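Enquirer: Below is the structure I would like to discuss, written out as structure tokens.
Each reported figure results from applying straightforward, stated rules to the coordinates on display, with no laboratory input. Since this is a predicted model, take the numbers as computed values, not measurements. Note that we place each Cβ from the backbone using ideal geometry, even for glycine, and neighbour counts take in every protein chain shown.
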Amino acid sequence: MRRDPSDPPPLADPHADPHADPHDDPHADPHDDPHDVAAATTARRFRDARVPPAGVHLDSAAAGRSSRAVLAAVHAHTVAETVHGAAPALARAAGVLDRGRAQTLDLLGGQAGAALAFTHSAGDALNRLVALLLPTAEARRAGVLRVRGEYAPNSAAWRAAGVRDRVVGSGPRIDPEEFDAALRRELRAGRPAFVHLTWVGSHVGTVQDVGALLAVARDHGLPTVVDAAQAFAHVDTRAAAAADVVYGTSRKWLTGPRGVGFCALRGRFAALAPRMEPFEAHHAGRVGFAHAVAELHDLGPADVVAGLAAVGARTRAVLRDLPAWDVVEAGPEGTTAPGATTTLRPRGAVPPDVTASVARLAAHGVLVTAAGRERSEEMTADVLRVSPHLDVTEADLARVRALLLDPPTGDLAESLPQ
Ligand SMILES: Cc1ncc(COP(=O)(O)O)c(C=O)c1O
């Protein structure tokens, strides 16, 4: 494998002795940077908190692996519902849920008077927002202004409700000056009901500079709604404090249960929180979500964000010079892709088929995502998404690389699902 001197350092080994003092880490040279020792400890704690995967799980952007404690909390709540009754069990869980709401708001930058509603998912939060924020024909005509490269199901959600879809920029990342100029042009055609920003897309790991974009929107006096489904518990989301509304999901980088999402509402929007939150819901999942948020706080949000950025940088370094694949997030690290998602676009006269490649990796026990063009208007090809969490190892990445280097053999191709 090609190694540049400028390559990001190899990953900390999360399989190292879990009981060792971090300062006695057998993998840590006494001259190691204390940040590397801390990263090894965080990765180890993350790994030890979970049941080992059956293979190599590099699919956190789809759904992360919950910890044993989160699984136990979900189970305990369902048992409590059976033993005590659903309403008493919910009353008993009130403290855990309130702490979960507060800690979630904290991760979103905190803000006095903000309210957090639980939803069924990020998509559910957006559907509810569309209904609540765009109730009139006038609001639907004013429309939603968003950046090109939006997660397609989002724009489909407001278009399905008859809301005008207003697009600026050329994607996948818009800089604040370009955004400002585009807003000025667009505002001549009337003010949108709100600006929608997606922090990290589903089809590319590029991270929008949401803090700077929110400042631009605010300068124009426009309400803002942010999709943090791929950003929450992945990148630093404290800049969300400047947004009016932020929504996200439990099951991805937070590694909480499926079927739970959240929506934080601020200022005049906070009063909508009770109408955003469905009462009939997977309450055990919400309890699991609260536990997952508490675990993130215990691990240290800054350490997790730094650890995932290092995982992404390392993944891109290991996969960057494959003959048949381009890393989409190529560019200076720390600007275009400080997250852990790496996207590979097929290259060449006969580019590899993404679905077959993903199936082949799966046949070798490696779980990644095949993302089809329907995910975003800016996609020119299907892509293969690699989204490891803190427990990924150098050996895991080397395995992906070897499998993507090695063209499928006849017999393996025959054994793949058609
Ligand atoms: C950018 C983005 N927004 C929203 C969603 C929807 O999340 P959920 O399935 O929890 O509704 C996803 C899911 O992949 C996503 O990637």
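Enquirer: Could you size up the charge dipole of the range 165-314 around its Cα centre, putting +1 on the beta carbon of Lys and Arg and -1 on that of Asp and Glu, and report it in debye to the nearest 20?
Expert: Once rounded to the nearest 20, the dipole reads 340 debye.
Enquirer: Determine the dipole magnitude for the range 68-299: charges of +1 sit on the beta-carbon of Lys and Arg, -1 on that of Asp and Glu, nothing else is charged, the reference point is the Cα centre, and the result goes in debye to the nearest 20. Intermediate values should be presented prior to the final figure.
Expert: Working: 26 positive and 21 negative charges, 107 e Å.
Magnitude of the dipole: close to 520 debye.
Enquirer: Using amide H atoms built 1.01 Å from N in the peptide plane, name the residues 5+ places from Val147, or on other chains, whose amide H lies under 5 Å from its own.
Expert: Val168, Thr198
Enquirer: Then there's this: In what order do Asp219, Asp236 fall by count of nearby beta-carbon atoms within 10 Å, going from fewest to most?
Expert: By the 10 Å Cβ count, ascending: Asp219, Asp236.
Enquirer: Divide the volume of the convex hull of the Cα atoms of the chain by its number of residues and quote the answer in cubic angstrom per residue.
Expert: 163 Å³
Enquirer: Another question, then. If I stretch the segment between Ala271 and His220 completely, what's the gain in nm (0.36 nm per residue apart, minus their alpha carbon distance), one decimal?
Expert: 16.0 nm
Enquirer: Here is a follow-up. Loop only by DSSP, 15 or fewer other Cβ within 10 Å of the Cβ. Give me the GluC sites (Glu not before Pro) in the range 276-358 that pass, ordered by residue number.
Expert: Sparse-neighbourhood loop GluC sites (Glu not before Pro): Glu280.
Enquirer: What FRET efficiency comes out for Ala72 versus Leu405 if R0 is 41 angstrom and r is the Cβ-Cβ distance? Round to the nearest 0.05. Write out the running numbers ahead of the final one.
Expert: Numbers: r = 41 Å, r/R0 = 0.99.
The formula returns an efficiency of 0.50 here.
Enquirer: Compare the Cα positions of Gln230, Pro346, His57 along the charge dipole of the chain (+1 at Cβ of Lys, Arg; -1 at Cβ of Asp, Glu; about the Cα centre) and return the one farthest towards the positive end.
Expert: Gln230
Enquirer: Hey, fewest Cβ within 10 Å first, where do Thr369, Thr341, Thr119 land in order?
Expert: Thr369, Thr119, Thr341
Enquirer: Ok, one more. Subtracting the Cα-Cα distance from 0.36 nm times the residue separation, let me have the gained length for Val350 to Ala131 in nm, one decimal.
Expert: On the way: separation 219, 0.36 × 219 = 78.84 nm, distance 4.55 nm.
Contour length minus Cα-Cα distance gives 74.3 nm.
Enquirer: Subtract the Cα-Cα distance of Ala161 and Glu374 from 0.36 nm times their separation in residues, and report this length gain in nm to one decimal.
Expert: On the way: separation 213, 0.36 × 213 = 76.68 nm, distance 1.94 nm.
Between Ala161 and Glu374, full extension yields 74.7 nm more.
Enquirer: Right, here's the next one. For the chain, build the charge dipole from Cβ charges (+1 Lys, Arg; -1 Asp, Glu) around the Cα centre, then report which of His84, Ala302, Ala43 sits farthest towards its positive end.
Expert: Of the listed residues, the answer is His84.
Enquirer: Now a separate question. Where does the range 68-299 land on Rg(C-alpha)/(2.2 N^0.38 Å)? Don't skip to the end; give the middle numbers.
Expert: Values: Rg = 17.9 Å, N = 232, 2.2 N^0.38 = 17.4 Å.
Normalised Rg, Cα atoms only: 1.02.
Enquirer: Now for a different question. Using +1 on the beta carbon of Lys and Arg, -1 on that of Asp and Glu, and nothing else charged, what's the dipole of the range 110-183 about the Cα centre, debye to 20? Could you put the intermediate results ahead of the total?
Expert: Numbers: 9 positive and 8 negative charges, 67 e Å.
Here the range 110-183 has a charge dipole of around 320 debye.
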